[in-house]
Each structure stands twice: as C-alpha cells, then as structure tokens.
Amino acid sequence: MMDIRRHRRCWRFGGGALPPDQWTSIVGTTNSAAHREPWAKGKIVGQKAPFELEDIGALRVRLQMQCRVRELALFNLGIDSKLRGRRRRCHGVRAYRSPLLESSRPTREQERLMRICVPGSADRFESAERERALFAQRQAHTWVHAPGQPPFCKDVPPAEAFTAEKNRWLTIDLVESVADMALAMVTRLFKNNDTVASYRRYYPLRPLPAVASRWMRDEEFARQRLDGINPYLLRLATELPPHFPVSDEILRGVVPPPNTLAQLLAERRLFLLDYEILHGLTPVFGRFCVAPMALFWRDDQGRLMPLAIQLGQSPAEAPVIFTPKDEHWTWLLARSFVQCADGAYHEVVAHLCRTHLVMESFWVATARSLPMQHPVYALLQPHFTGTLDINHKARTSLLAPGGPIDESIAIGAEGSLTLLGLAYERWDFDATCPRLDLQRRGLDDAAVLPHHHYRDDALALFGAIEAFVGELLRVYYPDDAAVQADGELQAWVHELQSPAGARVKKLPLTDGRLARFDQLHHIVARIIFNCSVEHAAVNNGQYAQFGWIPNTPGAMYLPPPTDHRPTNEAAFVYALPEGLAVGEQLTLVHLLSKRTQHPLGDYPDTFFVGVHAARAALDRFRARLEDIGRAIQERNRPLAVPYVYLQPWLVARSIAI
C-alpha cells in the first residue's frame with residue numbers, strides 16, 4: 001500500500017511510475033519494488049545555517065586586512081539589511097542604535113559586541129564592530145563651518161530626527177497659537193487699545209503670565225537680573241566706567257544718606273549691567289534698539305534695586321541718565337529699552353549661542369570620534385537627544401528672513417546673525433563652568449548678593465553632576481594612565497579643538513592632550529551641565545517673562561527719550577509692539593517653554609545596563625537630585641516669587657526644544 005501511494009504521487013507530478021491500470025499487479029508486493037534513493041541524500045541544500053557572530057567578525061577582519069573595500073561594503077550591507085528591525089524611540093526622536101541591538105532582548109553574544117568599554121579592553125571582534133560603528137557615525141555627521149557660527153552638522157541623521165509624534169505636537173502648538181492670536185485680534189477690534197491693560201486682550205485662551213501683576217515694580221525689574229532667564233550679564237562693579245558718568249548729585253533722593261557711590265563701591269554693593277555687545281547693531285527700519293547701561297545697588301534690606309539707566313554707551317549717544325526719580329512713565333520707558341536689549345541678548349547670546357549651537361559642536365565631535373561602545377559616548381548620548389533636529393529648525397526657520405526672530409526682535413534676522421558672530425567670537429570653554437563665570441563677575445559670594453537663587457541652584461546641580469560623572473568615569477579610568485592610553489579619547493579631544501572640527505577654545509588640556517583624569521572629568525561634567533541645567537535656566541521661563549509684552553518687548557517702535565520730559569501711558573503703549581509682532585513673540589516663547597517629559601536623571605533602561613558600578617552611581621545621582629529638589633521647595637515656600645526654573649524635575653536632560 002505504501003508503494004501505491006508513492007507511485008500515485010509520482011504519476012500526478014509527471015514521475016516515471018506505473019500507470020493506474022497496473023497498480024493491482026503490485027498490491028501485496030511492496031518489497032519487490034526497487035528502492036529509489038532521494039536525490040538530496042548526503043547533500044547540503046535548502047536554507048543555510050546563519051553566520052555566528054565570530055564568523056562575521058572574522059570575515060570583516062579578513063576583508064579589512066586584504067583592503068577589499070568593495071567586498072567589505074557589500075558584506076556590511078547584506079548583514080545590516082538582514083538585521084535591520086524596528087526602530088527604538090525615546091524622547092520624541094529615533095535613538096541611534098547598532099543593528100546588533102535592534103531586538104528588545106539582545107543575546108549574550110550581541111551584548112558582548114556592544115559591551116561598553118575602553119578600546120584597550122575590547123577583543124578583536126569588538127574592535128571590528130567599534131570600527132564599523134564609528135565609520136557609520138562619521139558618514140552621518142559631517143562638519144559645516146559657516147562664518148560667525150559654531151560648527152554644526154550638515155544634515156540631521158535620520159536616527160536623530162524628531163518622530164512624527166513630536167512634529168505633530170509642535171504643529172498643534174503652532175496652530176493653537178494662531179487660533180489664539182486670531183481670536184485676540186477680533187477681541188481688540190473696535191476697542192481702545194492705548195492702555196497697558198489692553199494687552200490683556202492678547203490672551204483669550206492662553207494663561208496670563210503672573211509677571212503682568214508686578215512688572216511695574218522696580219524690585220521686579222531688578223529681580224529679573226538675578227532670577228530671570230538671563231542671569232549672566234550682571235556683575236559686581238569695582239569702579240564706575242568713565243562713559244557712564246553717574247554721580248552722587250544725580251542719585252540724590254534715590255540713595256538715602258549717608259550712603260555715597262564711593263562708600264557703596266567699597267562695600268561691594270554696586271552692580272553694573274552693560275549691553276555693550278549690542279552697540280553698533282542696526283535695527284530693522286521702524287524699530288529701535290540701544291546698547292544701554294544700568295546701575296544697581298544692594299539696599300539696606302539686602303534687595304537688589306535699580307539706581308540709574310543710560311540708554312547708550314556714552315553721554316554723546318545718551319545725554320540723559322534716568323533714575324527712579326523721573327516721572328513714572330518716563331522711567332518705565334527707559335526700563336523698557338533695557339528690557340528690549342535684554343530680550344535680544346537672551347535669545348541670541350544666552351540661549352541660542354551659549355547652549356543650542358555651541359553644544360551641538362560637542363556632539364558632532366563625539367559622534368565622529370567615539371564609537372557608541374565608548375563610555376564617554378554612552379554617557380553623553382542621552383544629553384543630546386533631539387539637539388541636532390531642534391538646531392536645524394532654528395537655523396532654517398527661527399533665524400530665517402520672515403521668521404519669528406526677524407518679525408519680533410528689533411535687530412531682525414540679519415542683526416541677530418551679526419550678534420551671534422560677535423558672541424561666538426568671545427566664547428570659550430571657561431564660559432561653560434558656572435563657578436568660573438560667577439567668580440569672573442564677582443557674584444560667587446553669597447554675602448555680596450544674598451538672594452541670588454540661580455547661583456545657589458546652579459551650583460548645587462553642578463556639584464551633583466560632577467559627583468555623578470566622576471563616579472561613573474572612575475569605573476573605566478582608575479588613574480591618569482588609563483586616560484592617556486585611550487586612543488579614542490585622545491582623538492575626541494583632537495576633534496574638539498581642531499580648526500577642521502569643533503574649534504573649541506581653552507579646553508583644559510596638557511599640550512593638546514588629555515593627560516589627567518580631572519581634565520576629562522571637567523570636560524564631560526560641563527558638557528552635561530550646559531545641555532541640561534544651563535539650558536533650563538534660559539529656556540523654562542521664557543513665557544513667564546517674555547509672555548507679557550510690556551515687561552519685555554522684543555522691539556521698541558519709538559526712539560529712546562533724550563530728556564526728562566514727562567510722558568503718558570498712551571505714548572508708552574505706542575512705543576510697544578502690537579499686532580503681528582506680538583503674535584510672533586507669544587508664539588515663539590509659548591512653544592519654547594513646554595515642560596520636559598525627560599528630566600535630568602531620567603535615562604533609558606539600556607543606560608550602562610549590566611554595569612553595576614555605573615548603575616549604582618546613577619542611583620546616587622538621582623538621590624542627590626531629589627535632595628536638591630526638596631531644598632529648593634523649602635527655600636521657595638516663603639518667597640513672593642519662587643524660583644523654579646532649576647527644579648530638577650523641570651530641568652530637561654537634553655536640548656530638545
């Protein structure tokens with residue numbers, strides 16, 4: 001019977017079997033038929049066994065040693081095509097990940113090839129994988145050196161682009177802003193809009209910033225120099241500049257006797273605000289912007305208070321020095337020119353240059369020099385999530401002609417690019433250290449300014465970051481010799497300082513090389529601080545401060561006053577932005593003030609997975625952040641205006657907005 005089935009099968013498919021009329025002749029004679037050997041017996045046919053990881057590494061090494069570039073490229077393409085799977089997403093962008101780790105549960109062999117280690121600890125297969133990963137990273141990150149700008153990446157690598165979800169979120173916010181502005185214009189139609197209160201009609205849907213109820217007070221004007229979104233310009237005055245001729249006579253009635261300027265200087269109670277970097281910039285036609293100077297003092301109650309304002313860099317430009325003795329609206333107008341200058345400085349220098357664009361150079365140098373298996377790469381990567389894409393949007397949209405900067409800031413897009421070039425020319429790596437910056441400006445001593453909350457919170461967070469980075473790096477670099485022996489690390493610092501690379505000035509190196517652990521420690525800690533804490537300080541409060549137009553107008557539309565002549569509310573309002581300029585400013589600052597979903601200390605589950613010492617350091621870091629957060633809450637409890645921009649759970653771990 002078995003032979004009948006076999007012959008029937010062969011007959012159906014054209015085999016050389018007996019016809020059906022002869023089937024009966026073989027019934028019961030199954031053993032008489034000749035046994036046919038399968039044609040594939042003893043042969044290797046069908047699907048082949050997959051390559052082992054050792055085979056892949058051996059083939060790559062052999063092809064590299066024989067300089068067979070074409071065959072190596074085709075081999076890598078074939079392997080990558082087979083291993084390419086779903087993309088992993090985090091924080092709204094596609095995180096770059098090796099094809100060997102695309103599966104949610106990597107095998108032990110895959111984990112071995114992706115093991116985070118210094119190059120001296122890698123075997124030949126791991127070294128080959130590191131070379132392949134670095135080659136791919138260098139292809140995706142190409143330098144662009146534009147005049148007057150920090151070096152940046154030519155294109156946004158697909159693995160680092162925003163996801164459709166985040167792009168949709170950005171679009172929704174823009175649409176809501178347009179709808180809100182359209183409703184506001186209808187609300188203001190056919191109404192009297194020559195009062196400050198009329199600006200409340202620009203908020204039919206958005207919440208009104210709290211500063212709208214206190215912006216007229218001198219104490220609030222001074223507070224924003226310390227705890228606003230640009231706390232980097234105020235400095236202790238050691239002498240009065242000759243081109244800012246403030247005298248005791250001018251300040252009579254402002255500073256109570258027996259205080260004099262000489263006495264206040266000796267007691268370290270005078271502070272200077274100088275926007276000289278804006279001098280010479282040409283505003284857009286019809287707008288006005290000056291490079292003002294302002295003098296503040298610490299009064300007998302320990303508060304910072306304004307004393308005098310000069311709307312220019314010399315008496316020839318600004319023949320009058322304004323003081324709080326001036327008529328109310330005249331003094332507010334002088335203050336508004338200072339706030340206008342502060343807005344331009346903040347957006348272009350403190351925010352765009354010092355955090356966004358400068359930090360991008362560090363990441364491009366990292367991606368071009370360190371494979372993803374390097375501990376420094378693994379430590380820095382979460383702090384650059386989304387940075388390349390948001391910076392690309394800033395260069396192509398924010399600073400473009402007709403963009404938000406061009407429409408809302410007095411100096412426009414062209415003046416902003418000029419200001420960016422001036423700021424970057426002055427920038428060096430010392431500016432990334434909050435301790436050095438505060439010491440340089442004379443504000444590091446709490447006795448000089450007892451209520452400088454940015455200083456206190458920034459230094460506390462910087463200390464926590466330093467401790468975390470030091471503990472984690474010690475896992476891989478037990479001494480200075482380990483730092484010196486890491487060739488990939490030396491290539492990294494070379495890329496950072498190279499004229500063909502990041503062009504970073506004043507890196508803490510020894511003869512252009514990393515010679516000590518503390519040098520590596522300082523560089524990495526400062527990078528993380530600027531990508532997280534420093535950016536949060538200048539970003540989180542934009543809507544709270546710039547969202548109320550009379551507090552910080554992007555541009556002024558009347559020339560600065562040149563005498564003490566009294567003015568009125570209608571003239572003051574006429575000098576402020578309105579219409580499209582207001583809409584552009586509100587749209588911009590509302591979008592940029594969104595709360596982060598990935599705060600400092602929030603790392604992916606794959607962050608140094610399996611490295612117990614590194615994970616223990618991360619746990620201690622999170623505990624320190626919680627302690628700092630509780631201390632900030634207790635400090636803020638009695639404050640009339642709490643400083644919350646550096647609350648750890650509000651500090652984004654990367655520059656992604």
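Overview of values
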quantity	calculated
Hits in region 479-488 - residues which are in contact (Cβ under 8 Å) with a residue 12 or more places away in the chain, open to solvent by 40 Å² or more (accessible area, probe 1.4 Å) and assigned to a helix (DSSP H, G or I)	D480, Q484, A485, G487
Residues of region 607-626 classified as closer than 18 Å to P478 by Cα, open to solvent by 40 Å² or more (accessible area, probe 1.4 Å) and among the small types (G, A, S), total	1
Selection within region 276-326 - open to solvent by less than 20 Å² (accessible area, probe 1.4 Å), without any contact (Cβ under 8 Å) to a residue 40 or more places away in the chain and under 34 Å from the mean Cα position of the chain (by Cα)	I309
Test: residue in region 504-519 that is open to solvent by less than 30 Å² (accessible area, probe 1.4 Å), assigned to a helix (DSSP H, G or I), more than 30 Å from R201 (Cβ to Cβ) and of a type in the set (A, V, I, L, M, F, W, C)	yes
Candidates A447, A467 - the one that is of a type in the set (A, V, I, L, M), open to solvent by 30 Å² or more (accessible area, probe 1.4 Å), more than 22 Å from R513 (Cβ to Cβ) and outside any helix (DSSP H, G or I)	A447
Selection status of A410, touching a Pro at 6+ places or on another chain (Cβ under 8 Å) and part of a loop (DSSP other than H, G, I, E, B)	yes
Which numbered condition Y476 fails, given (1) within 19 Å of P151 (Cβ to Cβ); (2) outside any helix (DSSP H, G or I); (3) aromatic (F, W, Y)	(1)
Wholly enclosed helices (runs of 4 or more DSSP H) of region 156-269 bearing at least 1 residues aromatic (F, W, Y)	164-188, 218-227
Complete set of residues in region 237-259 that are of a type in the set (V, I, T), open to solvent by 50 Å² or more (accessible area, probe 1.4 Å) and more than 18 Å from L449 (Cα to Cα)	I250
Pick from region 541-581, criterion among the small types (G, A, S) and in a loop (DSSP other than H, G, I, E, B), ranking: surrounded by the fewest Cβ atoms within 10 Å (Cβ to Cβ)	G579
Qualifying residue in region 541-560 (condition: among the small types (G, A, S) and within 16 Å of L646 (Cα to Cα))	yes
Only listed residue being open to solvent by less than 40 Å² (accessible area, probe 1.4 Å), under 28 Å from Q545 (Cβ atoms) and without any contact (Cβ under 8 Å) to a residue 40 or more places away in the chain, chosen from G629, G601	G629
Region 489-503, residues that are farther than 15 Å from Q149 by Cα and open to solvent by 30 Å² or more (accessible area, probe 1.4 Å)	A491, H494, Q497
Selected residue (only one of L174, L189 is within 23 Å of S654 (Cα to Cα) and either loosely packed, with under 15 Cβ neighbours inside 10 Å or touching a residue at least 60 places away in the same chain (Cβ under 8 Å) (or both))	L174
Which numbered condition Y345 fails, given (1) out of contact with any strand residue (DSSP E or B) (no Cβ under 9 Å at 6 or more places or on another chain); (2) farther than 30 Å from S121 by Cβ; (3) crowded, with 23+ Cβ neighbours inside 10 Å	(3)
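The values are calculated or read from the model by the stated rules, or taken from the named source; none is laboratory data. All figures in this text were calculated on a predicted structure; none of them were measured in a lab. Here Cβ is always computed from backbone atoms with ideal geometry, including for glycine, and neighbour counts include all displayed protein chains. In case anyone asks, the SASA skips ligands and DNA or RNA and just uses the protein heavy atoms, side chains included. Shrake-Rupley method; radii C 1.70, N 1.55, O 1.52, S 1.80 Å.
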